[in-house]
Amino acid sequence: MVQLGLILFQALGLSALANAGLIPRQDTRPIYAIAHRVIRNSAVTAALDHGANAIEIDLTPEKNGWYADHDGKGTTAGGTAREVLEFMAKQRDNGKALTFVWLDVKDPDHCEKGSPCSIEALRDIVRDTLGKSGVRALWGFYQTQTTRSFKVIRDGLDKNEAMTFSGEHQEIVDTYSKDAPDVPIKQRVGDYGAAHIADGFGDCTEKSYNTCTELKQTSAERDDGKLGKVLSWTSDKTDTKRVEQLLGTAHIDGIIYGYHMADYDQNAKQAFDDIKNYVDKNKDTLRMASRDDVPW
């Protein structure tokens, strides 16, 4: 009985040390299901109810400020950037597992510093809404590393923010080395994909170019300590096999899912289910990221 008690004590002690981070342990990889084109409060509610733990939002500048808008037509906006981002922040305050928001910024250099539609004004909105509620922000840049907005975000990046570059694996690594060498590794994200993810997807065995192969190589760069996270886009309900390959073969950290060419709504859940079902089948290595997971 004494020996059994000692064994239990040792087991509990080791568990406590592991939980405290004082001894190493093998952790499962947290996976991020990122809802696509969420520009309305109703879509925020739908995405989080479906199980999304991250959100992608399109942000477009107008003369009087920033709007949640993909097409930039004004009439297609779901609300102002502040209204929608504030609503997202409140959902986390209310217990939802919203870990980060991917900011897809359209025409970021459209306005000069000091105007309500400048990149600085948008950053202030992001920090005043998402930042105060503990929701991380991911700034997306697509071959715009020479722009003023890129330099503003890069040089003022705070601990709650990260940057992502879209491209082939070597291009991503080289861009960080050349244009953002001072950005901490954990805040360096790489992404690759297509509006229709099947386009150029490949079978994960090519030497280069194809989406799955490039993401697999980008994940290797992450594992080698050159990047923090690897993400892809955009899967819908017809991409079940490709989702499985991205998570199981390319070993990425998250996928933008929903509709290829439309705003998110309450009927987009099947695309989420592809991600969740694969994670549930591979619980020994994967898990859905929770609100306690810190992506960077």
Checklist line | Residue among ALA262, ALA271, ALA220 that is within 22 Å of ALA52 (Cα to Cα), surrounded by fewer than 22 Cβ atoms within 10 Å (Cβ to Cβ) and in contact (Cβ under 8 Å) with a residue 24 or more places away in the chain | finding: ALA262
Next item on the list: Could you please find all residues in segment 227-248 being surrounded by fewer than 23 Cβ atoms within 10 Å (Cβ to Cβ) and either over 15 Å from ASP203 (Cα atoms) or of a type in the set (Asp, Glu) (or both)?
Entry: GLY228, THR234, ASP236, LYS237, THR238, ASP239, GLU244
Next item on the list: Can you tell me which residue within segment 60-90, out of those that are under 13 Å from THR45 (Cα atoms) and crowded, with 20+ Cβ neighbours inside 10 Å, is farthest from the chain's Cα centre (by Cα)?
Entry: VAL84
Item checked: Residue in segment 26-48 that is farthest from the chain's Cα centre (by Cα), counting only those that are surrounded by fewer than 15 Cβ atoms within 10 Å (Cβ to Cβ) and without any contact (Cβ under 8 Å) to a residue 60 or more places away in the chain -> GLN26
Notebook entry, point to check: When you scan segment 93-113, how many residues do you find that are surrounded by fewer than 18 Cβ atoms within 10 Å (Cβ to Cβ) and either among the hydroxyl-bearing types (Ser, Thr, Tyr) or in contact with a helix residue (DSSP H, G or I) (Cβ under 7 Å, 6 or more places away or on another chain) (or both)?
Noted result: 3
Next item on the list: Would you confirm whether any residue within segment 118-140 is in contact with a strand residue (DSSP E or B) (Cβ under 8 Å, 6 or more places away or on another chain), closer than 17 Å to THR60 by Cβ and modelled with pLDDT under 95?
Entry: yes
Next item on the list: Could you tell me which numbered condition LEU122 fails, if it satisfies all but one of (1) buried (at least 20 other Cβ atoms within 10 Å of the Cβ); (2) over 28 Å from THR80 (Cα atoms); (3) not charged (D, E, K, R)?
Entry: (2)
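In segment 163-179, which residue that is of a type in the set (A, V, I, L, M) and closer than 12 Å to LYS226 by Cβ is surrounded by the fewest Cβ atoms within 10 Å (Cβ to Cβ)? Write out each step before concluding.
Just the residues of segment 163-179 that are of a type in the set (A, V, I, L, M), to begin with: 163, 172-173.
Narrowing the set further to residues that are closer than 12 Å to LYS226 by Cβ leaves 172-173.
Values: ILE172: 25, VAL173: 21.
Once the filter is applied, the top-ranked residue is VAL173.
Quick check on segment 249-274: of everything there that is assigned to a helix (DSSP H, G or I) and in contact with a helix residue (DSSP H, G or I) (Cβ under 7 Å, 6 or more places away or on another chain), which residue is farthest from THR205 (Cα to Cα)? Full working, then the answer.
In the first step, residues of segment 249-274 are kept if they are assigned to a helix (DSSP H, G or I); the result is 269-274.
If we keep only those that are in contact with a helix residue (DSSP H, G or I) (Cβ under 7 Å, 6 or more places away or on another chain) as well, we get 269, 272, 274.
Details: LYS269: 30, PHE272: 26, ASP274: 22 Å.
By that ranking, first place goes to LYS269.
Got at least one residue in segment 174-189 being closer than 17 Å to LEU246 by Cβ and at pLDDT 95 or above?
yes
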Next item on the list: Please specify each residue of segment 183-217 satisfying the condition of being within 24 Å of LYS159 (Cα to Cα), surrounded by fewer than 21 Cβ atoms within 10 Å (Cβ to Cβ) and in contact with a helix residue (DSSP H, G or I) (Cβ under 8 Å, 6 or more places away or on another chain).
Entry: VAL183
Note to self: Just the residues that are within 20 Å of SER133 (Cβ to Cβ) and without any contact (Cβ under 8 Å) to a residue 40 or more places away in the chain, please, taken from segment 56-108.
What the structure shows: ALA68, THR80, ASN94
Checklist line | Lone qualifier among ALA220, ALA195, ALA289 - being touching a Pro at 6+ places or on another chain (Cβ under 7 Å) and either at pLDDT 95 or above or of a type in the set (Lys, Arg) (or both) | finding: ALA289
Notebook entry, point to check: Quick one: HIS110 ticks every box in (1) farther than 24 Å from TYR259 by Cα; (2) of a type outside the set (Ser, Thr, Tyr); (3) at pLDDT 95 or above bar one, so which box is it?
Noted result: (3)
Notebook entry, point to check: Name the residues in segment 223-248 that are in contact with a strand residue (DSSP E or B) (Cβ under 9 Å, 6 or more places away or on another chain), assigned to a helix (DSSP H, G or I) and either hydroxyl-bearing (Ser, Thr, Tyr) or free of Cβ contacts under 8 Å to residues at least 40 places away in the same chain (or both), would you?
Noted result: VAL243, LEU246, GLY248
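The values are calculated or read from the model by the stated rules, or taken from the named source; none is laboratory data. These numbers were taken from a predicted model, which means no experiment stands behind them. Positions of Cβ are generated from backbone atoms using ideal geometry, with glycine treated the same way; all protein chains shown enter the neighbour counts.
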